[in-house]
Protein chains: 2
Amino acid sequence: MAKVTTNMSISLDGFAAGPNDSVDGLHDWLYELSSWRERHGLDGGTSDVDAEVLDEAFRNVGALVMGRRMFDLGEQPWGDEPPFHMPVFVVTHRAREPKVCKGGTTFTFVTEGFEAAVPQAREAAGERDVAVAGGPDVIQQALNAGLLDEIQVHVVPLLLGDGQRLFDNLRARVELERIRVVEAPSGVTHLRYRVVQ
Amino acid sequence: MAKVTTNMSISLDGFAAGPNDSVDGLHDWLYELSSWRERHGLDGGTSDVDAEVLDEAFRNVGALVMGRRMFDLGEQPWGDEPPFHMPVFVVTHRAREPKVCKGGTTFTFVTEGFEAAVPQAREAAGERDVAVAGGPDVIQQALNAGLLDEIQVHVVPLLLGDGQRLFDNLRARVELERIRVVEAPSGVTHLRYRVVQ
């Protein structure tokens, strides 16, 4: 069966965002990668281990689930052609008509909560995986609901000291099984785990 | 020059202890290791990658700095022959005569704060490194004082959800340089960083 996965950059002290939603160096490893640039409609970039990890993270994904806050922060900068190129289900309290964008991204607004968004995303993804795009609150909901199958964290070599922690508000201890470690020359370490349900 | 280092087991969500100082599975990877057993006066055990990482972590250490809480929690279970076999400087507000134990461990109580303990430990260590033994509060003091040269975290594959975070109360962003990754078959990932001062 298709999986529900997530991929997040975190500092070694576990922050997925700095204070006031700043990114604060957390995503610098991405911007020059060929696979990041390709998703953003740009040519060139470096094709290295990080680029392969990023490409692979989306290769088998057929739909995304996203939190309202991530959508609100992103809608304007993403512009006419957001870098997702697939159906995105936004968990929100505000009903809104679906938004169809260039390049294959469609935003569907789900007002019945995270647990209602997952089956819709699964249906849209077909045989492919569903990825929880974030923010951290939505990933925490996925963990608390027992709906996340795999987590990959991209551990960036810095201590932010403040911000929004990826793993917070968990209601119970979660056992993990490490699946893979990639030690990228950039200093980022990609750790992938299966959630033991 | 000799370094100030630290080694801590953490869950993927960054806890170095569970609620109420419980260890909660964080140190299970240690107990059967030959190098852990040897330090505790026991024979046998497994000699694998984890055992080598643990052995190496102490091989060049000549003295320890320890927080009062770790000492208070440990004093009784450690018994007559604590597993340190070197001078230990305990940062505390309560003056006390040094305690000399079997097997080479001596506890010296430093009442002038963490920053006074480090030079004393350096002097005792001579050419060798000083290790900050914990708990997390003392490691945070070391980071905030700019006195930590290297950090190795042993990332255990679980999310504890609650407890005492290793990296908390940091006063400023800290840049790190990843030195090494060891992917142990146990599922523990050993990540070693240099602190960029």
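The values are calculated or read from the model by the stated rules, or taken from the named source; none is laboratory data. This structure is a prediction, so every number in the text was calculated from the model and none was measured. When we count neighbours, we look across all protein chains shown, and the Cβ atoms used for this are built from the backbone with ideal geometry, even at glycine.
With respect to (1) more than 10 Å from every other protein chain (Cβ to nearest Cβ); (2) closer than 18 Å to residue A:65 by Cα; (3) buried (at least 19 other Cβ atoms within 10 Å of the Cβ), the lone exception for residue A:143 is condition (1).
The residues listed here are A:100, A:4; of these, the one that is modelled with pLDDT of 95 or more, among the β-branched types (Val, Ile, Thr) and more than 30 Å from residue A:196 (Cβ to Cβ) is A:100. Residue count for region B:1-51, restricted to those that are among the polar types (S, T, N, Q) and in a loop (DSSP other than H, G, I, E, B): 2.
Here is a check on your reading of the model: is residue B:148 touching a residue at least 24 places away in the same chain (Cβ under 8 Å) and touching a Phe, Trp or Tyr at 6+ places or on another chain (Cβ under 6 Å)? Spelling it out, it is not the case that residue B:148 is touching a residue at least 24 places away in the same chain (Cβ under 8 Å) and touching a Phe, Trp or Tyr at 6+ places or on another chain (Cβ under 6 Å). Checking B:181, B:174 one by one, the residue that is at the interface with another protein chain (Cβ under 7 Å from one of its Cβ atoms), within 22 Å of residue A:168 (Cα to Cα) and among the β-branched types (Val, Ile, Thr) is B:174 and no other. Give me the residue from region A:146-171 that is over 16 Å from residue B:158 (Cα atoms) and over 18 Å from the mean Cα position of the chain (by Cα) and, out of that set, farthest from the other protein chains (Cβ to nearest Cβ). So, considering only residues that are over 16 Å from residue B:158 (Cα atoms) and over 18 Å from the mean Cα position of the chain (by Cα), the one farthest from the other protein chains (Cβ to nearest Cβ) is A:162. Here residue A:161 fits the description: among the small types (Gly, Ala, Ser), closer than 13 Å to residue A:16 by Cα and either modelled with pLDDT under 95 or not in a strand (DSSP E or B) (or both).
Among the residues making up region A:167-179, those that are free of Cβ contacts under 8 Å to residues at least 24 places away in the same chain and either among the acidic types (Asp, Glu) or part of a strand (DSSP E or B) (or both) are A:175, A:177, A:178. Taken over region B:184-197, the criterion of being at the interface with chain A (Cβ under 7 Å from one of its Cβ atoms) and of a type in the set (Gly, Ala, Ser) is satisfied by B:187 alone. Comparison of B:125, B:117, B:121, B:184 shows that the only residue that is touching a helix residue (DSSP H, G or I) at 6+ places or on another chain (Cβ under 6 Å), within 25 Å of residue B:39 (Cα to Cα), surrounded by 14 or more Cβ atoms within 10 Å (Cβ to Cβ) and in contact (Cβ under 8 Å) with a residue 24 or more places away in the chain is B:184. Determine whether residue B:80 is among the acidic types (Asp, Glu) and buried (at least 19 other Cβ atoms within 10 Å of the Cβ). It is false that residue B:80 is among the acidic types (Asp, Glu) and buried (at least 19 other Cβ atoms within 10 Å of the Cβ).
Every condition in (1) within 18 Å of residue B:12 (Cα to Cα); (2) modelled with pLDDT of 95 or more; (3) more than 14 Å from chain B (Cβ to nearest Cβ) holds for residue A:108 except the one numbered (1).
Within region B:52-66, the set of residues being part of a helix (DSSP H, G or I) and either hydrophobic (A, V, I, L, M, F, W, C) or touching a residue at least 60 places away in the same chain (Cβ under 8 Å) (or both) comprises B:53, B:54, B:57, B:58. Taken over region B:1-26, the residue count meeting the criterion of being within 17 Å of the chain's Cα centre (by Cα) and free of Cβ contacts under 8 Å to residues at least 60 places away in the same chain is 1.
Taken over region A:116-135, the residue count meeting the criterion of being over 14 Å from residue A:61 (Cβ atoms) and either at pLDDT below 95 or of a type in the set (Gly, Ala, Ser) (or both) is 3.
Scanning region A:109-142 for residues that are among the β-branched types (Val, Ile, Thr) and either more than 17 Å from the chain's Cα centre (by Cα) or under 17 Å from residue A:1 (Cβ atoms) (or both) yields A:110, A:111, A:118, A:130, A:132.
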